[in-house]
Structures are given as C-alpha cells and as structure tokens.
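The structure appears below as structure tokens.
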Amino acid sequence: MLRTTRGCVGVEERDEEQEDEGEEDLRDGGVPFFVNRGGLPVDEETWEQMWRHVARIHPNGEAIGKRIRGASDLPKIPTLSVPTYQPTTSIPQRLEVIQKYIRDLQYNHTGTQFFEIKKSRPLTALMDIAKEMMRESLPIKCLEAVILGIYLSNSMPGVERFPLSFKTQFSGNHFCHIVLGMHSGGRFGALGISRREDLMFKPLEFRTLADLVQEFEGAYRSYWHTLSKVKIGQYVSHDPHSVEQIDWKHSIIDVDKLTKEELRRELERHTRDMRLKIGKAAPPSPTKDRKSNMGSPLRNPGSPMRRNSRIERRPSGEKKVLDPKPPPDMNGYQIRV
C-alpha cells in the first residue's frame, strides 16, 4: 500500500526512479515520504503509518501528533470552489486564478502523498485523479499540482503546457522538483507548488524558455542549491479524454556540464521541437467519418476476404465493361460469386 521514496539520494538508477516521483525537498534529502496507494478515505494502516512518520520528521516529535489527534475542536476544512472566470478574462489573469487555487490547497507537509500519481498512466486517468483532488481539497505535493494545473488549463487552447523538472545538489544530497511550464502569446511561465515561494508560480513574462529556466536557477542559488539537471517534456494534449501518455522528459539537459550559451542553445532546440509537435498528435479514437471507412473492428484488416474484395473494386472513374450474358441454363442455377 505504501512505497518509500528517499528524495533523489542513492545510485543513478535509483535517482531516475525517484526523480520520476517529482518530490521536492529543500530541507533534508534523506527524509523519505510515503505514497497512499489505498485511495480515499485513508485506511487505518496508512493513517497510522502517516502519524508515525510525522512523529519522526517533525521537530516536536510525537507531541505534535498527540496534540492534533487529541483535539476535539478542530475546525472543519472547507471544500475550495473550482476556479471560474469571465470569457473576457485574459490568459495571464486566468493562470493567476488557477495558481491561487493550487496555493490555497496548501503544500502537504505530512510526509504522505495522498494521491498516487503514476506517470505512465494515460492522460484521461490522470485527469480523473485531478477531479478527485478537487473533491477532497487536501494538501498536495508538486507532482500533484502539475496534474491539477493541466486539468484546470485544458479549456485554454491558446496555452501550451509542458512538464519542467529540476534536480539540484546541496550539502552532498540531491533534490528534485517539478512545475508545469506554460507558453502563450510568445511568453513562458509556470504553475506549481513548493515550500519556497519563488519555486512555483512564474507569470507569463519570460521571452524564452532559457529565461524561465535561469529564473528558477537563480532562485535555487539563493538557497545555496546548484542546479545540475533539467528535464523538459513535450506539450500536453488539451483533450481530457486522450489516452496518450504525457512525455515527461523529452529533453534531459546536464546543466552543470554546459556553459550558459550552450544551455541556451539546447533550450532553444527543445522549444523548436515542441512547436513542431503541435497539431501532429493522432486523435485518441477514430472520428465518425473515419469509422465509416474502417470496416468491422472485429475483422482482421489483413484477412483474405478483405484483400480479395479490395482487388475486385475499380476506381470510381473507370468504366465497367459489361460482358455478354450467357444464355440462361434451364437445368440448374448459376451461382455468381
């Protein structure tokens, strides 16, 4: 039911797996976090495991857990209203409304991620998880915020979204973080959540992707973190029913091995790749017009029956030559195939 993910500490193979979880931790890379795999409501085993973990990682130890669990007058947590805006609301203002909603959910400090996010799942399944997050209004981590940001911006066809992941080093440990990159009107920005105010939302004011990445690098530098790697995915489909998988790491850039100019060139190349992909993705299912020409889905398209029938067909512009009919055979039937 639970799996422990220790930041990005360990050998390179484990690094890749842990980075995929999208966890971000600026305090202690060795602190594990758990993923609730039993769904909601949380089962008893997961619930107790979460509080034991809180007792280990919180400065006040078990006292904080006893104080909260023993309280009888805890306020009821309200369910947040889904972001709404007028048709005339500009794109930057809409993104600010979405970011406020994500921020109001608050960052999850419990050490247990409440919603299981499997990156290999199709987009439509991840959008169902986003709906569940909005119903429950629980605190979230950075990877959950990315899924929620995708769902809430699906109705903005003029806004392209892409995963943007960071790996940093501090005091001998590795740390991972992920935000949702945004591109609209020739400008870049980002949505997300973090413990740090300057490692999540970025307004649509960056002229290039390189400018956006350098903005995050400067924020990390202020916390004495060294940016070592950046992973950038492709644009995400706006179709909430798409069965495509999100391309989380189309480009993996070793920042610490490149000069500033080389990094800028790599990011410009990735920007061109993303633009070329727009409009080329295949639809998740055949349209009505295509379905009428596809034949029965239960029959193998390569079967002899279908092959022979195609051979006998003539182009529409070709005139069929009528053969003289043989005299009728009064002694039996003629069977024509």
Go through Ser242, Ser155 and list them by solvent-accessible area, largest first, probe radius 1.4 Å.
Ser155, Ser242
How large, in percent, is the carbon and sulfur part of the accessible surface of region 129-242 at a probe radius of 1.4 Å?
47
With every protein chain in place, the accessible area of Arg103 for a 1.4 Å probe, in Å² rounded to the nearest 10, comes to 90
So what's the projected area for region 42-95, the Cα convex hull averaged over all directions, in nm²?
6.8
Could you compute how much accessible surface His58 exposes when probed at 1.4 Å, giving the result in Å² to the nearest 10?
70
Once the Cα atoms of region 76-140 are picked out, what are the Rg and Dmax in Å?
13.6, 41
So, how do all the Cα-to-Cα distances of region 99-250 break down into 10 Å bins, in percent, from 0 on up?
11, 42, 37, 10, 0
For region 181-288, I need the span (max minus min coordinate) of the C-alpha atoms along each principal axis, in Å, sorted largest to smallest.
56, 30, 24
Kindly report, to the nearest 10 Å², the accessible surface of Thr208 as traced by a 1.4 Å probe over protein heavy atoms only.
20
Taking +1 at the Cβ of each Lys and Arg and -1 at the Cβ of each Asp and Glu, which of Thr124, Thr89, Thr112 sits farthest along the dipole of region 80-156 towards its positive end, judged by Cα position relative to the Cα centre?
Thr124
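The values are calculated or read from the model by the stated rules, or taken from the named source; none is laboratory data. All figures in this text were calculated on a predicted structure; none of them were measured in a lab. So basically every Cβ, Gly included, is an ideal-geometry build from the backbone, and we count neighbours across all protein chains shown. Ligands, DNA and RNA are stripped out before the accessible areas are found, and what is left, the full protein with its side chains, is counted by its heavy atoms. Shrake-Rupley method; radii C 1.70, N 1.55, O 1.52, S 1.80 Å.
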